[in-house]
Amino acid sequence: MDVGPAASADWVARYAAKVRTAEAAIAAVASGEHIFIGSGAAEPQELVAALVKHAERVFGTEIVHIMTLGLAPYVEPKWGENFRHNALFIGPNVREAVAQGRADYTPIFLGEIPRLFETGRVPIDVALIEVSPPDPHGYCSYGVSTDIVKPATEAARLVIAEVNAQMPRTLGDSFVHVDEIDLLVPVDYPILEAAVGAPDETARSIGRYIANLIEDGSTIQMGIGTIPDSVLEFLREKKNLGVHTEMFSDGMMHLVERGVITNMKKTLHKGKVVAAFCMGSKRLYEFVDNNPFIEFHPVSYTNDPFVIAQNDRMVSINSALEVDLTGQVCADSLGEYFYSGIGGQVDFVRGAARSKGGKPIIALPSTAEGGAVSRITAQLKPGAGVVTSRGDVHYVITEWGVAYLHGRTIQDRALALISIAHPKFRPGLIREAKRLKFVPEDVPEISELGMVYPSQWETTHTFDDGTRVFFRPAKPTDEEMMRDLFYRLSEQTIYQRFFRSLKSLPHRDLLHFVHIDFTNEMGVVGIVEDPEKPEHEEIVCIGRYFVNRATNIAEVSYLVRDDFQHRGIGSFLVRYLARIARENGVAGFDAEVLPDNSSAMKVLHRLGYPVETVVAAGNYQLRVMFGRPPGAVPG
């Protein structure tokens, strides 16, 4: 609200009357009170230091906050009778105290914390916060942390604020008038910075997989760390991304500067980044200062799943400590050891899941402790907490690939997750999955070498009639789609492929199509999306070869669903298999073809390699020997 000169002068006078030193302000804190400390990079450091100096005069005081970047001397053992910390999210500075029982932890969705303050379920007597200098109208900005700081301030009986000359003035729902602050402590020191190490190759691999799922025009949410930073690295060629997130980071700032993040395709707050806080470098803090491109809001808004879902193509990216074979995600504890907190993971998973075209993603390295421990586990460790439930999980990504779990059976989930575990742990995980009855006993245990999914053989091709097919190596989780494919084949197509009439293709036979070792055998499926149901995929073709190591020649076969025949799909598929076989050192293909299957004969002859043909038992026996590449081969 615009105010006149007289009113302006009034607030200036009231401001001056409230100014105190940190020690004088903290003297107002009494025993038994509940104290809130500002979040993240906005921790009021001089007030915290003064509070500890004041410790011998207060007893039974509770301190509440989420993660803070500064020191937390109040959790030292010597202050046990004076302070008790309640962590709403466990940061490194209080982790040991929580582990040793000197501090408490409250598991809570980040978006629901403001309600705890509003209702008094978690009472706030004193709020120690850090704000920007007031503008000409007397409004201070919460700066780099609006998140839960604004709701805590509004709920507190007494508000003590450091007014930091170096705090950026961020815009949005992020202001408090000096009349709402009881005591003011002028300070001038740099805002706390959060450094992130360079992504390693594991993080880069995960980032590449995640980036492949993000479409132009998507709105994204992600946190801090090497995996989010690696995702941002692979988004540089995307167009018109938007941001609705808890944390705005240096990586996001760089994408704004490159013109990748424009927010112009957002369906909520078009043209604006929406965030709750930022942590990063001094340059980031300078970037958000008085920047109308960015709005800061409390987490009661940014983390409300119903608000998040209003962003079409919402992509949430969150991390985990371990995931079990049923899809339960543990993100706040290492077994019985509380490590971090629930945070906003579930808020954004549920919001993105309800978004039109949304994608909730959980990302984690496949191993821990230097590769000694698998993060994909048969069962969560004893004492581990479930943050994202089986029913909420959608995408899980490691450096070994992508597993899609939502709406899938336990068998499919287990096989999908095993396929993205580190190869050295996969045989053991298969054995455990059998013991737990997650998968049938006849699921083969493939060697470690064959467990490495060859993602380099994924490609998409659009045919002359506009049909778009995604070709990739077959996966154990393809069994259901393979079953659906079989029952949509005509009797003629079945007979030409299997050389006999078949009424069914039971589980024991389907296993051979989807459990392959990628070395002695290769299978490639072609997948299309249903235009009426974009999330529904169907296999419309499959090609396979098996290598005879005595001759180094592979037996090849393929089939195409009847309603997708005569579009060039079969020719492309066999040419692609030939390319894979050549690069894997295979010398040629053998094929048996029925006399009336002229289409298959043409496909093999059109490969462009020499073909030898003989007739045996009334069928054609063809041998295709690979020599020089026959010109253009699909890539």
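Nothing in this text is a laboratory measurement; each read-out follows from the coordinates by a stated rule. All figures in this text were calculated on a predicted structure; none of them were measured in a lab. Here Cβ is always computed from backbone atoms with ideal geometry, including for glycine, and neighbour counts include all displayed protein chains.
DSSP loop (so not H, G, I, E, B), at most 12 other Cβ within 10 Å: list which GluC sites (Glu not before Pro) in the range 23-123 pass both filters. Sites meeting the loop and neighbour criteria: Glu81. Other residues within the sphere of radius under 13 Å centred on the Cβ of Val29, judged by their own Cβ, net out at -2 (K and R +1, D and E -1).
Dipole size of the range 5-187 about its Cα centre, with +1 on Lys/Arg Cβ and -1 on Asp/Glu Cβ: approximately 200 debye, rounded to the nearest 20. Neighbour counts of C-beta atoms inside 10 Å place Ile108, Ile220, Ile66 in the sequence Ile108, Ile66, Ile220, starting with the fewest. Put the Cα centre of the range 177-246 next to the Cα centre of the range 15-70 and the gap is 29 Å. A cut-off under 12 angstrom between Cβ atoms defines the neighbours of Glu432, and their net charge, with Lys, Arg +1 and Asp, Glu -1, is +3. Taking Cα centre as origin and charging only the Cβ of basic (Lys, Arg, +1) and acidic (Asp, Glu, -1) residues, the dipole magnitude of the chain rounds to 1820 debye. Determine the relative contact order of the range 1-138: mean sequence separation of Cα pairs under 8 Å and six or more apart, normalised by residue count, in whole percent. Over the range 1-138, the number comes to 27 percent. Counting other Cβ atoms within 10 Å as a rough exposure proxy, the listed residues Cys278, Cys140, Cys541 run Cys541, Cys140, Cys278 from fewest neighbours to most. Here the relative contact order of the range 201-451, from alpha carbon pairs under 8 Å that lie six or more residues apart, stands at 16 percent. When the charge dipole of the chain is built from unit charges on Cβ atoms (+1 for Lys and Arg, -1 for Asp and Glu) and taken about the Cα centre, the candidate among Tyr337, Val64, Val288 whose Cα reaches farthest toward its positive end is Tyr337.
Considering only Gln379, Tyr404, Val231, and ranking their Cα positions along the charge dipole of the range 201-451 that arises from unit charges at the beta-carbon of Lys, Arg, Asp and Glu, the one farthest toward the positive end is Tyr404. Which listed residue (Ile160, Pro186, Val593) has the Cα farthest towards the positive end of the charge dipole for the chain, taking +1 on Lys and Arg C-beta and -1 on Asp and Glu C-beta about the Cα centre? It is Val593, whose Cα lies furthest towards the positive end. Taking a Cβ cut-off of under 11 Å around Gly207, the surrounding Lys, Arg, Asp and Glu residues balance to a net charge of -3, with basic ones at +1 and acidic ones at -1.
Within the chain, the proportion of Cα pairs with more than 46 Å between them is 31 percent.
Could you tell me the relative contact order of the chain? Use alpha-carbon pairs under 8 Å, at least six residues apart, and round to a whole percent. The value is 8 percent. Between the range 547-610 and the range 313-366, what is the separation of their alpha carbon centroids in Å? Cα centres, the range 547-610 to the range 313-366: 43 Å. Between Phe626 and Gly588, Phe589, the built amide H atoms are under 5 Å apart, and every one of these is 5 or more places off in sequence or on another chain. For the range 318-395, GluC sites (Glu not before Pro) are listed when DSSP marks them as loop and at most 16 other Cβ atoms sit within 10 Å of their Cβ; the list is Glu336, Glu369. Ordered by the number of other Cβ atoms lying within 10 Å of each residue's own Cβ, fewest first, Tyr142, Tyr337 fall into the sequence Tyr337, Tyr142. Based on DSSP H segments of at least four residues, each scored -39500 (n - 2.57), the chain has a per-residue ellipticity at 222 nm of -7500 deg cm²/dmol. The amide H of Leu334, built 1.01 Å from its N in the peptide plane, has Tyr339 as neighbours under 5 Å, considering only residues 5 or more places off or on other chains. Taking the Cα atoms only, what angle lies between the long axis of helix 201-213 and the longest principal axis of the chain, rounded to 10 degrees? Taking the Cα atoms of the chain, the angle to 201-213 is about 80 degrees. List the residues whose amide H sits under 5 Å from the amide H of Asp104, counting only those 5 or more places along or on another chain, with H placed 1.01 Å from N in the peptide plane. Placed amide hydrogens put His85, Asn86, Ala87 under 5 Å from Asp104.
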